[in-house]
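A.B. asks: Pasting in a structure now, in structure tokens, and then I'll have a few things to ask.
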Amino acid sequence: MSNKGSLEVSIDSVLHENRKFHPNKEFAKNYILKDLNVYKKLYQSSIKNPKAFWEKMAIQNIVFFKKWRTVFKWKDYKAEWFTGGTLNVSFNCIDRHLITERKNKAALIWEGEPGETRTITYQQLYSEVSRCANMLKSLGLKAGDKAAIYMPLIPEAVIAMLACARIGVVHTVVFGGFSSNSLRDRIQDSNCKLLITADGGFRKGTSVKMKDMADEACKETPTIKNVVVVKRTGEKVNMKLGRDVWWHELIVNESNQCEAIPLPSEHPLFILYTSGTTGKPKGLLHTTAGYLLGTTVTTKYLFDIKDTDIYWCTADVGWITGHSYVVYGLLSNGATVFMYEGAPTYPEADRFWKMIAAHRITILYTAPTAIRSFIRLGNEGPLKHDLSSLRLLGTVGEPINPEAWIWYHEVIGKKKCPIIDTWWQTETGAIMISPFPGITSTKPGSATLPFFGVEPAILNKDGTPAKGTKGGYLCIKKPWPHMARTIYGDHERFKKTYWKEIDGVYFTGDGAHQDRDGYYWIMGRVDDVINVSGHRLGTMEIESAAVQHPSIAECAVVGRPDPIRGQGIVAFVTLKKSVAVNEGLKDDISKFITHEIGNLARPDEIRFTEALPKTRSGKIMRRLLRELATTGTIKGDTTTLEDFSVLEKLREKDEE
Ligand code: WTA
């Protein structure tokens, strides 16, 4: 943990926030919990007796084919929930609604960037998912096999996920903005047999050539036997004989009925890659019963889903937010989910607000970055459209600054919609800390109180409680049902990263502090992970991509505050001796990095330097670089620096 310094800097910025907003009485009237005391009681019981609590929740909210024997087991940092039981996630998300009035209710309402729309009812979803599952079977896939999904945000992405779940195939969704190399690495790490992709997707009026990327990736993925291609943009793509097949050509021949097979509670549901402190992204493995329970119950209580709601989470299904709060948690509750394929401001800046008005969206869940960029665009867009259908707002992915919170509250929520600032992670599977809308008073910038069964603690590195406003490391004291079970293929790394950093508790990698009301204020990462527009990136991941560039000798990447995107990326680069700096070199390096990882890793600034500051043991002192990138100078402690002349050189560079 090399950047402890950042903890204090960020904490200062929200410490003086003391506005408090009381729950909206109108909203509270129809809310599932009567008041905060009911929450407190339920919360206490969930902490005192988690097994009884979650058992009851499972009985109330999930359909099992066979009941479990044991509620919870914990051995060698491996959790097992509801052992002995069998169930199917796809069944819970679809089939169980078909015997109710929801049968003909819209499950998905989708709008493409060019403007076309599609509505898929639960009954139709059943047919589509069944067809797709049968297609997967025809291609030879069976329970336990892995399939990669690399798609634009179109209904087929959701259909493919649910089809995998229906027959026990483990999916790994790779965000469409990742490069071919990132896709390749993920397919290789999880040994996928099949890749499901599309010819392309629309973004900002142009088509993103996904099939070309997929082809590039598949040059080095011998485990891939077939590539299924959805026709979305209609442009010409290469179809490799014997490997590539069109989705629409295969699926027409398949039956629209496919049994949702009973799977053990701990059957793997998906692997999702996310960035960590060291090395390559890690594949977090989530399993069936616990994940489904966590996402279902958080959705029910925090998003207050009613049958009349039209819910929109703006995340892509390539992220955990999309998995849990576009697909699984929502469909399991029988909700109507709105999805939008493209860029938020295309063709005009008011696209979001226009869609909210047109589809009468009632619940909106988005990221602070999006809110901040809308603020910059001015109030004209949101004021032009009728946003009166909205009744609940949510944020996720990064700390929200109080100014953005207030704007969201006033301009979008018209002061009547509760805002839930939800803190959680890929690893936690579902929301962990969040207000309960209608009963929790909110404070702009605070995620407020823990969800049922979640016992947070703010600790010092030695495991003692961190007291006072300075804060400490946010940890979770006990395992919970929807936690990731392991890092795929590397349980040792899982133990070390999450359970040994501070012995015996789950280490989140975030800093936090708690105020007098017991509210949690999340301060951002305290490790070498940066959060750009709510997307997690490892500084070392970018560095290892950069050093493969033929001109680069060494590279150190740090994050610096960015008013819109939360953080921006600054890369300090030393060049190989033989290399002369030329005009296009920075551009070339930037392109190289985005080619390796994806556009989201594009550096905001590249700085050439003769040397990097290192400790006597040879570790790059990122803390100093961060200070320099942020403030332009270095005032912090430099006593462990090995060569002080490096500092002088860095400063000189800065003054240039
Ligand atoms: C950050 C996204 C402050 C945090 C669901 C966490 C937040 C990382 C919040 C996980 C929030 C997420 N307030 N910070 N409400 N929500 N974060 O895995 O640093 O993509 O560790 O999961 O995002 O990012 P991930």
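A.B. asks: Could you tell me whether region 462-470 includes any residue that is crowded, with 18+ Cβ neighbours inside 10 Å, within 13 Å of the ligand (Cβ to nearest atom) and either closer than 25 Å to Gln44 by Cα or without any contact (Cβ under 8 Å) to a residue 40 or more places away in the chain (or both)?
C.D. replies: Applying the first criterion (crowded, with 18+ Cβ neighbours inside 10 Å) to region 462-470 yields 466.
From what is left, the residues that are within 13 Å of the ligand (Cβ to nearest atom) are none.
So far as region 462-470 goes, no, none of its residues is crowded, with 18+ Cβ neighbours inside 10 Å, within 13 Å of the ligand (Cβ to nearest atom) and either closer than 25 Å to Gln44 by Cα or without any contact (Cβ under 8 Å) to a residue 40 or more places away in the chain (or both).
A.B. asks: A follow-up question, please. Please verify whether Tyr340 is more than 16 Å from the ligand (Cβ to nearest atom), in contact with a Lys or Arg (Cβ under 7 Å, 6 or more places away or on another chain), of a type in the set (Phe, Trp, Tyr) and under 21 Å from Gly112 (Cβ atoms), treating the condition exactly as stated.
C.D. replies: Numbers: more than 16 Å from the ligand (Cβ to nearest atom): yes; in contact with a Lys or Arg (Cβ under 7 Å, 6 or more places away or on another chain): no; of a type in the set (Phe, Trp, Tyr): yes; under 21 Å from Gly112 (Cβ atoms): yes.
No; evaluated as a whole, the condition is false for this residue.
A.B. asks: Just to be sure I understand, how many residues within region 226-258 are free of Cβ contacts under 8 Å to residues at least 12 places away in the same chain and either surrounded by 12 or more Cβ atoms within 10 Å (Cβ to Cβ) or not in a loop (DSSP other than H, G, I, E, B) (or both)?
C.D. replies: Going through region 226-258 one residue at a time, the tally reaches 2.
A.B. asks: Ile502: in a loop (DSSP other than H, G, I, E, B) and either buried (at least 23 other Cβ atoms within 10 Å of the Cβ) or away from the ligand (no atom under 15 Å from the Cβ) (or both), yes or no? Show your work before the answer.
C.D. replies: Numbers: in a loop (DSSP other than H, G, I, E, B): yes; either buried (at least 23 other Cβ atoms within 10 Å of the Cβ) or away from the ligand (no atom under 15 Å from the Cβ) (or both): yes.
For Ile502, the condition - in a loop (DSSP other than H, G, I, E, B) and either buried (at least 23 other Cβ atoms within 10 Å of the Cβ) or away from the ligand (no atom under 15 Å from the Cβ) (or both) - is met.
A.B. asks: Among the residues of region 383-419, how many are touching a strand residue (DSSP E or B) at 6+ places or on another chain (Cβ under 7 Å), away from the ligand (no atom under 16 Å from the Cβ) and closer than 22 Å to Tyr519 by Cβ?
C.D. replies: 2
A.B. asks: State all residues of region 420-439 that are more than 21 Å from Gly290 (Cα to Cα) and within 11 Å of the ligand (Cβ to nearest atom); if no residue qualifies, say none.
C.D. replies: Listed by number, the residues that qualify are Ile420, Asp421, Pro435.
A.B. asks: Would you mention how many residues in region 530-548 are free of Cβ contacts under 8 Å to residues at least 40 places away in the same chain and within 16 Å of the ligand (Cβ to nearest atom)?
C.D. replies: Of the residues in that region, 1 qualify.
A.B. asks: With the structure loaded, tell me whether Ala457 is farther than 21 Å from Thr278 by Cβ, touching a Lys or Arg at 6+ places or on another chain (Cβ under 7 Å) and not in a helix (DSSP H, G or I) or whether it fails that test. Spell out how you get there, then give the answer.
C.D. replies: On the way: farther than 21 Å from Thr278 by Cβ: yes; touching a Lys or Arg at 6+ places or on another chain (Cβ under 7 Å): yes; not in a helix (DSSP H, G or I): yes.
So Ala457 passes the test.
A.B. asks: Still on this structure, please answer the following. Looking at the structure I just gave you, is Pro444 out of contact with any strand residue (DSSP E or B) (no Cβ under 9 Å at 6 or more places or on another chain) and either crowded, with 19+ Cβ neighbours inside 10 Å or part of a loop (DSSP other than H, G, I, E, B) (or both)? Spell out how you get there, then give the answer.
C.D. replies: Working: out of contact with any strand residue (DSSP E or B) (no Cβ under 9 Å at 6 or more places or on another chain): no; either crowded, with 19+ Cβ neighbours inside 10 Å or part of a loop (DSSP other than H, G, I, E, B) (or both): yes.
When the stated conditions are applied, Pro444 does not pass them.
A.B. asks: I need a count of the residues in region 304-333 that are within 16 Å of the ligand (Cβ to nearest atom) and among the aliphatic types (A, V, I, L, M). Full working, then the answer.
C.D. replies: Within region 304-333, the subset within 16 Å of the ligand (Cβ to nearest atom) is 313-330.
Filter again for among the aliphatic types (A, V, I, L, M), leaving 315, 317, 320, 326-327, 330.
So the count comes out to 6.
A.B. asks: Those residues that are within 27 Å of the chain's Cα centre (by Cα) and either part of a strand (DSSP E or B) or over 20 Å from Gly318 (Cβ atoms) (or both), I need them from region 194-219; list them, please. Spell out the reasoning first.
C.D. replies: First, pick out the residues of region 194-219 that are within 27 Å of the chain's Cα centre (by Cα): 194-218.
Leu194, Leu195, Ile196, Thr197, Ala198, Gly201, Phe202, Arg203, Gly205, Thr206, Ser207, Val208 - these are the residues of region 194-219 that are within 27 Å of the chain's Cα centre (by Cα) and either part of a strand (DSSP E or B) or over 20 Å from Gly318 (Cβ atoms) (or both).
A.B. asks: Here's a follow-up. Could you run through region 364-394 and say how many residues are of a type in the set (Ser, Thr, Tyr) and out of contact with any Gly (no Cβ under 9 Å at 6 or more places or on another chain)?
C.D. replies: As a first pass, look at region 364-394 and keep what is of a type in the set (Ser, Thr, Tyr): 365-366, 369, 373, 388-389.
The next check asks that each one be out of contact with any Gly (no Cβ under 9 Å at 6 or more places or on another chain); those that pass are 373, 388-389.
The number of residues fulfilling the criteria is 3.
A.B. asks: Restricting to region 374-415, name every residue that is within 19 Å of the chain's Cα centre (by Cα) and either part of a helix (DSSP H, G or I) or among the hydroxyl-bearing types (Ser, Thr, Tyr) (or both).
C.D. replies: Answer for region 374-415, where residues must be within 19 Å of the chain's Cα centre (by Cα) and either part of a helix (DSSP H, G or I) or among the hydroxyl-bearing types (Ser, Thr, Tyr) (or both): just Thr395.
A.B. asks: Report yes if some residue within region 101-117 is surrounded by fewer than 23 Cβ atoms within 10 Å (Cβ to Cβ) and at positive phi; otherwise report no. Steps first, answer last, please.
C.D. replies: Filtering region 101-117 for residues surrounded by fewer than 23 Cβ atoms within 10 Å (Cβ to Cβ) gives 101-106, 109-117.
Next, only the ones that are at positive phi stay: 115.
Checking region 101-117: at least one residue is surrounded by fewer than 23 Cβ atoms within 10 Å (Cβ to Cβ) and at positive phi.
A.B. asks: Do the conditions hold for Ala357, that is, is it within 24 Å of Arg203 (Cα to Cα) and either buried (at least 20 other Cβ atoms within 10 Å of the Cβ) or modelled with pLDDT of 95 or more (or both)?
C.D. replies: On the way: within 24 Å of Arg203 (Cα to Cα): yes; either buried (at least 20 other Cβ atoms within 10 Å of the Cβ) or modelled with pLDDT of 95 or more (or both): yes.
Spelling it out, Ala357 is indeed within 24 Å of Arg203 (Cα to Cα) and either buried (at least 20 other Cβ atoms within 10 Å of the Cβ) or modelled with pLDDT of 95 or more (or both).
A.B. asks: State which residue pairs qualify: first residue over 13 Å from Lys354 (Cα atoms) and inside region 376-390, second residue surrounded by 11 or more Cβ atoms within 10 Å (Cβ to Cβ) and polar (S, T, N, Q) in any location, beta carbons under 8 Å apart, and separation of 6 or more residues or different chains.
C.D. replies: Close Cβ pairs (under 8 Å, with a partner that is surrounded by 11 or more Cβ atoms within 10 Å (Cβ to Cβ) and polar (S, T, N, Q)) amount to Leu377/Thr345.
A.B. asks: Here's something else I'd like to know. Go through the residues of region 517-529 one by one and say whether even a single one is more than 16 Å from the ligand (Cβ to nearest atom) and either in a helix (DSSP H, G or I) or of a type in the set (Asp, Glu) (or both). Step through it out loud before you land on a result.
C.D. replies: Within region 517-529, the subset more than 16 Å from the ligand (Cβ to nearest atom) is 517-518.
Right, trim to either in a helix (DSSP H, G or I) or of a type in the set (Asp, Glu) (or both) and you get 517.
Yes, because at least one residue in region 517-529 is more than 16 Å from the ligand (Cβ to nearest atom) and either in a helix (DSSP H, G or I) or of a type in the set (Asp, Glu) (or both).
A.B. asks: Name the residue, out of Phe91, Phe64, Phe82, Phe53, that is in contact with a helix residue (DSSP H, G or I) (Cβ under 8 Å, 6 or more places away or on another chain), among the aromatic types (Phe, Trp, Tyr), touching a residue at least 24 places away in the same chain (Cβ under 8 Å) and closer than 30 Å to Leu250 by Cα. Before you say what the answer is, go through the steps one by one.
C.D. replies: Working: Phe64 fails: closer than 30 Å to Leu250 by Cα; Phe82 fails: closer than 30 Å to Leu250 by Cα; Phe53 fails: closer than 30 Å to Leu250 by Cα.
The match here is Phe91.
A.B. asks: Given the conditions (1) touching an Asp or Glu at 6+ places or on another chain (Cβ under 7 Å); (2) of a type in the set (Val, Ile, Thr); (3) touching a residue at least 40 places away in the same chain (Cβ under 8 Å), which single one is not true for Thr395?
C.D. replies: All conditions pass for Thr395, except number (3).
The values are calculated or read from the model by the stated rules, or taken from the named source; none is laboratory data. None of these values were measured; they are calculated from a predicted model. Cβ coordinates were reconstructed from backbone atoms using ideal geometry, including for glycine residues, and neighbour counts include every protein chain displayed.
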